[in-house]
Amino acid sequence: MKNSARLLSPVLRRAGSTIRDLAPIIVVIAFFQLVVLQQPFPNLGNVIVGLVCVCVGLGLFVQGLESGLFPLGEMLARGFATKGSLWAILAFAFCLGFGATVAEPALIAVAAEAAQVASESGAISDTDGARTSYALELRLVVAVSVGLAILLGVIRILKGWPIHHLIIGGYVLVTVMTVFAPAEIIGVAYDSGGVTTSTITVPLVTALGVGLATSIRGRNPMVDGFGLIAFASLTPMICVMAYGMIAR
């Protein structure tokens, strides 16, 4: 019983913290529904049950990140740094970015919708095979770009390169490519940069960066440990627009 209580205690505290975090948006929704629209909540019972599930689920999720994924990512980073194998850590960084992105549900949804719209507009054949191929190619391009982004971010940490130089250069390249890329791929490319960072990738990648910066002499975790997620959002825009230009 005591062990169970010790395990449940942080989860309950986290659930209470989640309720406080969600309180403002709940108040906003209730205000506009009851005061502005002056309508009762449809299926109030289901709404209440849903809110309880959200609070408990978010509490469990955040607790799981703190108890499992963050320590795991930092442990892996320190292990690679201790082993001193550059190729091993670069291969792990690429595989982590690629594997987590190619199965990202948001990316799958965006790719499928892009394929459907492309077939309706005549950009590709209006067949199931063409749509499936287009969606798969788009997912693979984005997954490879995220893998390269994490790899580049790890090299930046190892070399100590200033992050703002890379970010500014990347967005300058995005701006230039936007002028020359096909108009029908630009929106897809920009959205691809926003759907690549999933709930599993973000904590693992962040922990990887912080763990590396902590383990390498002369690196500051606050200065060098963060920024991998920015690369993961930037490179898909570049690679998808390049994919559109080549395909055209």
Placing +1 on each Lys and Arg Cβ and -1 on each Asp and Glu Cβ in the chain, then taking the dipole about the Cα centre, the residue among Gly194, Val172, Ile155 whose Cα reaches farthest towards the positive end is Ile155
Taking a crude spin-label model, label points 7 Å out from Cα along the C-beta direction, the Ala30 to Ile155 distance in nm is 5.3 nm
Taking R0 as 25 Å and r as the Cβ-Cβ distance between Val179 and Val117, the FRET efficiency 1/(1 + (r/R0)^6), rounded to the nearest 0.05, comes to 0.65
So Ala230 and Trp87, fully extended at 0.36 nm per residue minus their Cα-Cα distance, gain in nm 49.2 nm
Where a ≥ b ≥ c are root eigenvalues of the Cα gyration tensor, a/c under 1.5 meaning rounded, otherwise prolate if a/b exceeds b/c and oblate otherwise, the stretch 179-248 counts as prolate
The size of the Cβ-based charge dipole (Lys, Arg +1; Asp, Glu -1) of the chain about the Cα centre, to the nearest 20 debye, is 1180 debye
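Relative contact order of the chain, please, whole-number percent, based on alpha carbon pairs below 8 angstrom and at least 6 residues apart.
Numbers: 288 pairs, mean separation 60.5, N = 248.
With pairs under 8 Å counted, the relative contact order is 24 percent.
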Here FRET efficiency (C-beta to C-beta, Val172 to Ala106, R₀ 22 Å, nearest 0.05) is 0.25
Taking R0 as 30 Å and r as the Cβ-Cβ distance between Cys95 and Val54, the FRET efficiency 1/(1 + (r/R0)^6), rounded to the nearest 0.05, comes to 0.40
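Which shape class applies to the stretch 111-238: rounded if a/c is under 1.5, otherwise prolate when a/b exceeds b/c and oblate if not, where a ≥ b ≥ c are the square roots of the Cα gyration tensor eigenvalues? Working shown, then result.
Numbers: a/c = 3.68, a/b = 2.10, b/c = 1.76.
Prolate is the answer for the stretch 111-238, as a/c is 1.5 or above and a/b outweighs b/c.
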Per-residue accessible area, 1.4 Å probe, largest first, puts Trp87, Trp161 in the order Trp87, Trp161
Among [x] 13.8; [y] 19.0; [z] 15.6, the value of mean projected area of the Cα convex hull in nm² computed for this structure carries the label [y]
Quick calc: nm separation of the 7 Å Cα→Cβ label points for Ala23 and Thr214 -> 3.2 nm
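Nearest 20 debye, what's the magnitude of the dipole of the stretch 41-149 about its Cα centre given +1 on Lys and Arg Cβ and -1 on Asp and Glu Cβ?
Details: 4 positive and 8 negative charges, 89 e Å.
In total the dipole reaches around 420 debye.
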Length gained if Glu66 through Asp128 is fully extended, taking 0.36 nm per residue and subtracting the Cα-Cα distance, is 18.1 nm
Highest GNM mean-square fluctuation among Gln116, Gln39, Gln63, for the chain with Cα springs under 10 Å, belongs to Gln39
If each part is reduced to its alpha-carbon centroid, the stretch 183-213 and the stretch 57-90 end up apart, in Å, by 17 Å
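The values are calculated or read from the model by the stated rules, or taken from the named source; none is laboratory data. Here the structure is a predicted model, which means the values were calculated and not measured. Positions of Cβ are backbone-derived with ideal geometry, glycine not excepted, and every protein chain shown enters the neighbour counts. Keep in mind that these areas ignore ligands, DNA and RNA; they rest on the heavy atoms of the full protein, side chains included. Shrake-Rupley method; radii C 1.70, N 1.55, O 1.52, S 1.80 Å.
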